[in-house]
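Q: Below is one structure. I have some questions about it.
The values are calculated or read from the model by the stated rules, or taken from the named source; none is laboratory data. Please read these numbers as outputs of a predicted model, since none were measured by experiment. Counting neighbours? That spans all protein chains shown, and the Cβs are built from the backbone with ideal geometry, glycine included. Surface areas here come from the heavy atoms of the whole protein model, side chains and all, with no ligands, DNA or RNA. Shrake-Rupley method; radii C 1.70, N 1.55, O 1.52, S 1.80 Å.
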Amino acid sequence: MHKKNLVSGMRPTGELHIGHYLGVLRNWVELQNSSKYNCFFFVADWHSLTTKYERTEDLQKNIIEVTRDFVASGLDPQKSTIYVQSAIPEIAELHLLLSMVTPNNWAERDPTLKDLVRALAHGKTSEQDVQNENGILSYGMLGYPILQTSDILTFRASLVPVGKDQVAHIEISRDIARRFNNIFGCDFFPEPKALLTETPTVKGTDGGKMSKSFNNDIKISAGEEETLKQVKSMITDSQRIKKSDPGSTERCEVPFPYYKIFADNQQVERVKRECESAVRGCFDCKKQLAEIMNDRFKEIRIRRKSFNDDEILNILKEGNEIARIKAQNNLKEVRKIIKLHNWN
Ligand code: TRP
Ligand code: SF4
């Protein structure tokens, strides 16, 4: 049977945290290993320019670190095509062509884009300068969902594994694919669907949303000591002052929810019992949690260290080549459909 194409990408924000692992990477690896799809996973470096156009000094390093986290987490270049967006100029060409058939207000109305702009403008994420000092919202930023559509349609992908926050973008992608097919009387592009996964949201150590910019994240790459230190800084039940006070796992802000993610049911029950009867103190409870987490990430961290920069670059180079050939073939068709000449 003909396998469907599946595409997803991530912006190169630097070393990824365990929230990225649980929310995204783990799911990608599962999809890859199901062997049901032709999987394309990429680093969205152009997308990172929508907000960070002025600060690109870490861009290359970040691309390598993100890719290292991809492969350490289990993405396998033998099974998936792993590449960098900017190595595939056809994506930019398709972005241009799709921009011709996309009404301006489809992008302007995109609630995900509005949220992103608002959050970024208020310094709520690491990329604080989506609206730079002059308050300018760039043309490129407005094109964010159209560029994302091009990422997907360049490979004629019909499935896009993403979180809830990306659904509005994918709706636009469906609309653009449909509009293109209608205008040119073809069915070249599939109407891509978001493949939503219900994953637990991991809180940051301070109980807020986990984010590099809040300094409350635990990196996939963190060592055992570092993990322990961060787990120790987690806020617990604020009403529990002394170990002899019975705790409440409901009030426990961070460690207990983590137990629910990382420990088995029996262990979770035990923590609850011992916490509520004051047998267990927060200090020991956190120490144990750090051990469980270190155990969970042990292999990934070993694997992470086993690739040097050149090996990571080679993985990308090979992936880029494979992706490029597919993109070139598809763009040839697109030009034909639009009645543009294929000059080469
Ligand atoms: N916008 C996505 C995010 O911030 C990243 C992304 C870019 C993407 N292009 C994509 C995801 C194409 C899926 C498909 O997470
Ligand atoms: Fe949370 Fe554990 Fe402390 Fe109970 S003992 S409040 S579960 S950290």
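Q: Can you give me the angle between helix 144-153 and the longest principal axis of the chain, using Cα atoms only, in degrees from 0 to 90, rounded to the nearest 10?
A: Tilt of helix 144-153: around 70 degrees.
Q: Also, quick follow-up: Given a 1.4 angstrom probe, I'd like the percentage of the accessible area of region 222-303 that is carbon and sulfur, rounded to a whole number. Let's see the in-between values first.
A: Numbers: 2350 of 4890 Å².
Its accessible area is 48 percent carbon and sulfur atoms.
Q: A follow-up question, please. In nm, what is the difference between 0.36 nm times the number of residues separating W343 and E225 and their Cα-Cα distance?
A: Values: separation 118, 0.36 × 118 = 42.48 nm, distance 5.79 nm.
Answer, rounded to one decimal: 36.7 nm.
Q: Got a number for carbon plus sulfur as a percent of region 42-87's accessible area, 1.4 Å probe? Intermediate values should be presented prior to the final figure.
A: Numbers: 790 of 1710 Å².
Looking at region 42-87 in its full context, I get 46 percent from C and S.
Q: If you take every DSSP beta bridge fully contained in the chain, what fraction is antiparallel? Give it as a percent rounded to 5.
A: Working: 3 of 20 bridges.
Restricted to the chain, the bridges split so that about 15 percent are antiparallel.
Q: I need the phi-derived Karplus couplings for region 62-73: 6.51 cos²θ - 1.76 cosθ + 1.60, θ = phi - 60°, integer Hz, Gly and Pro marked x.
A: Listing the rounded values in order: 5, 4, 5, 5, 5, 5, 4, 5, 4, 6, 4, 6 Hz.
Q: I need the chymotrypsin sites (Phe, Trp or Tyr not before Pro) found in region 40-80, filtered to DSSP loop residues with at most 15 other beta carbons within 10 Å of theirs. The partial results should precede the final answer.
A: Details: sites: F40, F41, F42, W46, Y53, F70; in loops: Y53.
Counting only loop positions with at most 15 other Cβ atoms within 10 Å, the chymotrypsin sites (Phe, Trp or Tyr not before Pro) in region 40-80 are Y53.
Q: Report, to one decimal in Å, the Kirkwood hydrodynamic radius for region 222-303 based on all distinct Cα pairs. Please report the intermediate quantities before stating the final value.
A: Details: mean 1/r = 0.0775 Å⁻¹.
Across region 222-303, the inverse of the average 1/r is 12.9 Å.
Q: Shifting gears a bit: Of the chain, which part is the longest with no GluC sites (Glu not before Pro) in a loop (DSSP not H, G, I, E, B) and with at most 14 other C-beta atoms within 10 angstrom?
A: Numbers: sites that count: E54, E57, E133, E198, E250.
No qualifying site falls inside 251-344, the longest such stretch.
Q: Using each residue's phi in region 276-281, evaluate 6.51 cos²θ - 1.76 cosθ + 1.60 at θ = phi - 60° and report the 3J(HN,Hα) Karplus result to the nearest Hz, with x for Gly and Pro.
A: Here the 3J(HN,Hα) series is 6, 9, 6, 7, 10, x Hz.
Q: Also: 5 Å is the cut-off here: which amide hydrogens, built 1.01 Å from N in the peptide plane, fall below it relative to K193, excluding neighbours closer than 5 in sequence?
A: Hits under the 5 Å cutoff: L159, V160.
Q: Going by alpha carbons, how many degrees (0 to 90, nearest 10) lie between the helix axis of 282-305 and the longest principal axis of the chain?
A: With both axes taken from Cα atoms, the answer is about 40 degrees.
Q: For the chain, what is the accessible area per residue in Å², given a 1.4 Å probe and the full set of protein chains?
A: Numbers: 17600 Å² over 344 residues.
I get 51 Å² per residue for this part.
Q: Let me ask you something else. Please identify every one of the trypsin sites (Lys or Arg not before Pro) in region 57-102 that sits in a loop by DSSP and has no more than 15 other beta carbons within 10 Å of its own beta carbon.
A: Details: sites: K61, R68, K79; in loops: K79.
Those that pass, being in a loop and sparsely packed, are K79.
Q: Another question, if that's okay. So how long is each side of the chain along the principal axes, counting just the alpha-carbon atoms, biggest first, in Å?
A: Extents along the principal axes, in whole Å: 78, 44, 38.
Q: Per-residue HN-Hα couplings for region 155-167, Karplus 6.51 cos²θ - 1.76 cosθ + 1.60 at θ = phi - 60°, whole Hz, x for Gly and Pro?
A: With the stated coefficients, region 155-167 comes to 9, 6, 7, 9, 10, 9, x, 8, x, 3, 5, 9, 4 Hz.
Q: Filter the cross-link list K114/K336; K3/K260; K61/K209 down to pairs whose alpha-carbon distance in this structure exceeds 32 Å.
A: On the way: K114/K336 35 Å; K3/K260 36 Å; K61/K209 25 Å.
Among K114/K336; K3/K260; K61/K209, the Cα-Cα distance tops 32 Å for K114/K336; K3/K260.
Q: Need the list of aspartates and glutamates near K339 for cross-linking: C-alpha distance under 14 angstrom, and skip anything on the same chain fewer than eight residues off.
A: Within the straight-line cut-off, K339 pairs with nothing.
Q: Taking a 1.4 Å probe, which of S138, S80, S238 shows the most accessible area, and what order do the others take after it?
A: Per-residue accessible area, sorted high to low, gives S238, S138, S80.
Q: Hey, got a sec? Which trypsin sites (Lys or Arg not before Pro) in region 283-312 land in a DSSP loop and have at most 14 other Cβ atoms within 10 Å?
A: Details: sites: K286, K287, R296, K298, R301, R303, R304, K305; in loops: none.
When the trypsin sites (Lys or Arg not before Pro) of region 283-312 are filtered for loop state and at most 14 Cβ neighbours within 10 Å, nothing remains.
Q: Right, another one. Sorted by accessible area (1.4 Å probe), largest first, how do V7, V279 line up? Before the final figure, lay out the partial values.
A: Values: V7 0, V279 95 Å².
Ranking V7, V279 by accessible area, largest first, yields V279, V7.
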